[in-house]
Amino acid sequence: MTEKTSNISYGKVSIPAATTGSNHQLNFKSSTGLGKAQEYYMAEIGTIANNNKVALDTEQVTCGNNMISAMYNQAAKAGVALNGFDRNEIIQILQKATMLRLNVAAEPHECYLITRNQKVGDSWVKKFEFGIEGDGNDKLLRKYGVDVKKVHKFWVVREHDEFTYPSFNGLEITPPTWHPKDYYSKVTKVVYPIEKTDGTIEWNIAEREEVKINLLAHINQNIMKSKDYTETTRAKLTERIANMTLDELFADQECLKIMSPAWAAPHSRESMILRKMRNNVTRRYSKEFSSAFQELTYTETIDETPRDARIDAEQALEAEVEQHAGTEQIAHTVQFDEATGEVINEVTEEPKKESRATIKKATAKAAPAEETVQEITADDCPF
């Protein structure tokens, strides 16, 4: 019998090849559901890594196992067995977490995992959503930034602070200065002091007004999907707001209606802007990965997950409730995509509250939800 195996030392599992028309036995060292899931999926990730001539190290295996634990707990909270989620989706997320060394259990958060409801045909199914947090982008910059020796603590400059920009005299640089005055006013700049391998310091600055580009992209994306706008009215709105400042966009009532709750709500808006400013610095910095496969994984993670509009899911939902309290619109549970921040209007059943993954607290497994999910056989996944 042909054996499918992984050569990673942790969680090595021997999985007999599927035989047409028969159910094969899967042999595991662990006796728990979580342990079996970790063995099974890390063997799959090990095979993918081997095929791309990548050797997983201890840190990467830890990131993978922590992500599986987070998935297992999130599935239990959602009342769905882990095999109720798409197997390929699980493997793709694990590949990103392991290849990029992103630990979902780290504090501060390097990445996040949430569950959300997605309409497929006439049914709602549970999906995992994965993304890189601000500290995850900082970690990637530290590890893979070209000629980066150290990424120093970033500065959060606010509107009442005293700040001077760096000045240049030929190749000589006079560093910027910053004197904080408060910790609550609007953020105007984010400054990343990056120490290079040759001892020089680069001062990478992101400005508040740069976030306008991100917000305009978010608005344009939403109006393209909206049934309330025709091609003509979309063009008129796009032209009207093109030259607005960031604060003018937030003051525009039509724009506020189009924005996601995370952008529109005053109490979450500043956190959104700060996240975008940090991302604008760290993501545009040149990076050099150890393998083409790792670089491809990073590119796909950035391209496929529009994290620009994401903020803490609970905060964004609270903002939506506060804004519309007492109105007819809030008579039903508001559902929105935490990754894009877009409100999902076509709710045919009340979804369960979605939450951030955590592996610090064990959660009792709830009864399976009565919803249509993809069936996965033992040939695919035994959990």
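A few remarks follow.
- Qualifying residue in region 127-136 (condition: assigned by TED's automatic domain parsing to the domain that holds Met71, modelled with pLDDT under 95, within 19 Å of Asn88 (Cα to Cα) and aliphatic (A, V, I, L, M)): no
- Here the strands (runs of 3 or more DSSP E) wholly within region 132-231 that include at least 2 residues being in contact with a strand residue (DSSP E or B) (Cβ under 6 Å, 6 or more places away or on another chain) and in contact (Cβ under 8 Å) with a residue 40 or more places away in the chain are 148-151, 187-196, 201-207.
- In the set Ile205, Ile194, Ile223, only one residue is touching a His at 6+ places or on another chain (Cβ under 8 Å) and surrounded by 12 or more Cβ atoms within 10 Å (Cβ to Cβ); that residue is Ile194.
- Spans of helices (runs of 4 or more DSSP H) in region 260-304 with at least 2 residues within 17 Å of the chain's Cα centre (by Cα) and not assigned by TED's automatic domain parsing to the domain that holds Asp57: 261-264, 266-282
Residues checked against (1) aromatic (Phe, Trp, Tyr); (2) within 22 Å of the chain's Cα centre (by Cα); (3) under 28 Å from Ser268 (Cβ atoms):
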| residue | (1), (2), (3) |
| --- | --- |
| Glu133 | no, yes, yes |
| Thr164 | no, no, no |
| Ile173 | no, no, no |
| Lys181 | no, no, yes |
| Thr200 | no, no, no |
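- The numbered conditions (1) touching a helix residue (DSSP H, G or I) at 6+ places or on another chain (Cβ under 9 Å); (2) surrounded by fewer than 21 Cβ atoms within 10 Å (Cβ to Cβ) are all true for Leu140 except (2).
- Whichever residue in region 31-57 is farther than 10 Å from Ile68 by Cβ and acidic (Asp, Glu) and, among such residues, is surrounded by the most Cβ atoms within 10 Å (Cβ to Cβ): Glu44
The values are calculated or read from the model by the stated rules, or taken from the named source; none is laboratory data. Every value quoted in this text rests on a predicted model; they were computed, and no experiment measured them. Using ideal geometry, Cβ is built from the backbone for each residue, glycine included, and neighbour counts are taken over all protein chains shown.
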